[in-house]
Amino acid sequence: MKILVINSGSSSIKYKLFDMPSEHLVKKGVIEHIGEEGSKFSNHYSGLKIILQETKLVEAVGHRVVHGAEDFNKPALVDKRVIQGIKKCCAIAPLHNPANLSGILATQKLLPGVKQIVVFDTAFHQSIPEYAFIYGLPYDYYQKLRVRKYGFHGTSHEYVALEASRILKRPLNKLKLITCHLGNGCSITAILRGKSVDTSMGFTPLEGLVMGTRCGDVDPALITHIMRKKNLDTKQMDRILNKESGLKGISGISNDMRLLEEKANAGSRRAKLAVDIFVYRVRKYIGAYLSVLGGLDALIFTAGIGENQPSVRKSICQGLFDCLAKKPKIMVIPTNEELMIARQTFRLIRLGR
Ligand code: ADP
């Protein structure tokens with residue numbers, strides 16, 4: 001069965017075409033600059049049209065959708081109710097869900113009758129217990145505004161956990177794992193017997209680790225303090241926290257970890273500080289999740305930094321488990337969110353679950 005996996009962002013559509021169940025990657029590509037001035041793609045529909053000309057014979061489509069809130073804890077077959085659910089989540093994921101939805105609606109028009117499945121970044125984390133997902137805020141906000149920890153990168157965390165179980169030849173439901181997805185966006189998850197029990201990202205992908213351009217955990221009182229002092233409105237503050245902070249903000253150089261390592265080695269104090277802060281925050285979370293899990297079988301690194309920067313991994317792991325009698329395995333596992341989406345699409349269509 002030919003399954004097309006679509007990851008549609010605000011100005012791009014990435015795609016991979018798989019032959020399932022062999023998992024053979026037939027084709028992949030990206031359409032960029034959608035909706036930008038001077039671009040030949042005015043919207044997702046025109047971008048997708050080109051992709052479908054290139055891929056042909058698509059028998060099912062799997063879409064990545066960032067936010068499913070509490071409405072979705074597993075993949076779903078697209079129908080009116082599901083579209084409504086994704087629309088409802090646009091209010092709490094205004095940067096991502098509208099673009100994901102555009103991709104789904106364009107596919108419906110271009111491939112009428114072809115089954116579409118949606119796979120949510122948040123779904124894997126729906127197993128997190130209430131005491132870990134409720135913030136110390138008035139409970140009302142959870143009930144009325146749906147304010148709680150959701151967590152993201154779920155498809156990636158689940159994929160590498162499954163891979164770890166396969167490589168270790170041990171059933172997932174017997175393992176305690178910590179998965180570190182360290183890319184431009186970074187998150188870390190505690191996985192107990194195959195279920196996410198805590199994760200570093202929160203209501204939005206801003207919480208937790210220091211990332212390429214996102215700040216991660218800060219004292220929330222800082223936000224209003226900076227807004228007052230710098231006379232900023234909410235949009236400007238949002239931008240600073242999401243686009244001007246993290247490695248880029250600390251170093252004043254770049255969000256690119258490769259460049260920062262190079263500069264740090266060449267003597268840049270601020271580049272070194274950014275890398276040190278990044279590493280320290282990851283270590284803190286690993287320590288916290290070690291106690292959440294009450295032990296650890298494997299620590300897993302994935303994504304751009306996690307897969308390709310051994311020196312960062314080494315700094316994170318230096319002396320980390322010295323106090324443990326039984327040392328966990330440290331593994332590097334390339335993530336493959338698209339393959340995970342193809343698998344889930346295939347399973348839902350073939351097995352109905
Ligand atoms: P995204 O979250 O945008 O998918 P990636 O997973 O590609 O990000 O990670 C980007 C980060 O990984 C950057 O900080 C980059 O410097 C770092 N990195 C290191 N080596 C590589 C590599 N070979 N390819 C891509 N990114 C790399």
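Somewhere in region 249-257, is a residue closer than 22 Å to ILE134 by Cβ and touching a Leu at 6+ places or on another chain (Cβ under 7 Å)? Looking through region 249-257, none of the residues is closer than 22 Å to ILE134 by Cβ and touching a Leu at 6+ places or on another chain (Cβ under 7 Å). Residues that are open to solvent by less than 40 Å² (accessible area, probe 1.4 Å) and without any contact (Cβ under 8 Å) to a residue 12 or more places away in the chain within region 255-272 comprise just one, ALA264.
Checked against (1) under 20 Å from the mean Cα position of the chain (by Cα); (2) away from the ligand (no atom under 16 Å from the Cβ), GLY295 passes all but a single condition, namely (1). Only one of the numbered conditions (1) of a type in the set (Val, Ile, Thr); (2) open to solvent by 70 Å² or more (accessible area, probe 1.4 Å); (3) touching a helix residue (DSSP H, G or I) at 6+ places or on another chain (Cβ under 6 Å) is violated by ILE86, and that is (2). Within the span defined as region 248-260, every residue fails to be outside any loop (DSSP other than H, G, I, E, B), among the acidic types (Asp, Glu) and within 12 Å of the ligand (Cβ to nearest atom).
Being free of Cβ contacts under 8 Å to residues at least 24 places away in the same chain, farther than 14 Å from CYS180 by Cα, basic (Lys, Arg) and open to solvent by 40 Å² or more (accessible area, probe 1.4 Å) is true of LYS327. Cβ separations smaller than 6 Å between residues 6+ apart or across chains give the following pairs from region 179-190 residues that are without any contact (Cβ under 8 Å) to a residue 60 or more places away in the chain and more than 15 Å from LEU299 (Cα to Cα) to residues that are part of a loop (DSSP other than H, G, I, E, B) and more than 8 Å from the ligand (Cβ to nearest atom): GLY185/PRO205; GLY185/MET211. A Cβ distance below 7 Å, combined with a sequence gap of six or more or placement on separate chains, defines the contacts here; from region 285-306, residues that are among the hydroxyl-bearing types (Ser, Thr, Tyr) reach residues that are open to solvent by 10 Å² or more (accessible area, probe 1.4 Å) in the pairs TYR289/ASP198; THR302/HIS181; THR302/PRO334; THR302/THR335.
Considering only residues in region 298-324 that are within 16 Å of the ligand (Cβ to nearest atom) and in contact with a Pro (Cβ under 7 Å, 6 or more places away or on another chain), the one that is least open to solvent (accessible area, probe 1.4 Å) turns out to be THR302. A single entry from VAL275, VAL210 fulfils the requirement of being in contact (Cβ under 8 Å) with a residue 12 or more places away in the chain, within 13 Å of the ligand (Cβ to nearest atom), more than 16 Å from the chain's Cα centre (by Cα) and closer than 29 Å to CYS317 by Cβ: VAL275.
Condition check ((1) open to solvent by 30 Å² or more (accessible area, probe 1.4 Å); (2) within 15 Å of the ligand (Cβ to nearest atom); (3) touching a strand residue (DSSP E or B) at 6+ places or on another chain (Cβ under 8 Å)) across all residues:
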{"position": "VAL160", "(1), (2), (3)": "no, yes, yes"}
{"position": "LEU175", "(1), (2), (3)": "no, no, yes"}
{"position": "ALA190", "(1), (2), (3)": "no, no, yes"}
{"position": "LEU232", "(1), (2), (3)": "yes, no, no"}
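Among the residues making up region 51-91, those that are free of Cβ contacts under 8 Å to residues at least 24 places away in the same chain and out of contact with any Gly (no Cβ under 9 Å at 6 or more places or on another chain) are GLN53, LYS56, ASP79, LYS80, ARG81, ILE83, GLN84, LYS87, LYS88, CYS90, ALA91.
The values are calculated or read from the model by the stated rules, or taken from the named source; none is laboratory data. None of the values given here were measured: they were computed from a predicted structure. Using ideal geometry, Cβ is built from the backbone for each residue, glycine included, and neighbour counts are taken over all protein chains shown. To get the accessible areas, we keep the full protein, side chains included, count just its heavy atoms, and leave off ligands, DNA and RNA. Shrake-Rupley method; radii C 1.70, N 1.55, O 1.52, S 1.80 Å.
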